[in-house]
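The values are calculated or read from the model by the stated rules, or taken from the named source; none is laboratory data. Not measured: the values here are computed from a predicted model. Glycine also receives a Cβ, built like all others from the backbone with ideal geometry; neighbour counts cover every protein chain displayed.
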Amino acid sequence: MDLFLDSAEPVDVVLFVTDRRYAEDHDDLFRRGIRLRPGPNPQRIPMTAVGVGYRGRKLDLTAIDQVALLGATWPPVPFTVYLAGIRLAGD
């Protein structure tokens, strides 16, 4: 995933990935905190890591339902992130 942060200061975000079996339980998904720095921020996360939910349930990688990137900097600050692409590939 290629991200570009259009901001003068770093920001923290959280990446969430869910599959079709997601039970709307905060622990039934993949999540990872990411610190974005101004400019390009390429992210490479192994599929084996994405395939394991927070509490160990294996996500169905053939049924990815949602990929979300949420701001996590406190106090909240306005920022813009450009997403150039998401590619699912092996480890």
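Details
- Residue within the stretch 21-35 that is of a type outside the set (A, V, I, L, M, F, W, C), modelled with pLDDT of 85 or more and in contact with a Ser or Thr (Cβ under 6 Å, 6 or more places away or on another chain) present: no
- Figure legend. Inter-residue proximity from the stretch 61-88: first residues farther than 13 Å from Phe30 by Cα, second residues surrounded by 12 or more Cβ atoms within 10 Å (Cβ to Cβ) and charged (D, E, K, R), beta-carbon distance below 8 Å, spacing 6+ or different chains. Indicated pairs: Ala63/Asp19; Ala63/Arg21; Gly71/Asp12; Ala72/Asp12; Thr73/Asp12; Leu83/Asp2; Ala84/Asp2; Gly85/Asp2.
- Restricting Thr62, Thr48 to those that are in contact with an Asp or Glu (Cβ under 7 Å, 6 or more places away or on another chain) and either outside any strand (DSSP E or B) or among the β-branched types (Val, Ile, Thr) (or both) reduces the list to Thr48.
- Filter result for the condition that a residue is of a type outside the set (Ser, Thr, Tyr) and surrounded by fewer than 16 Cβ atoms within 10 Å (Cβ to Cβ), over Asp28, Asp12, Asp19: Asp12
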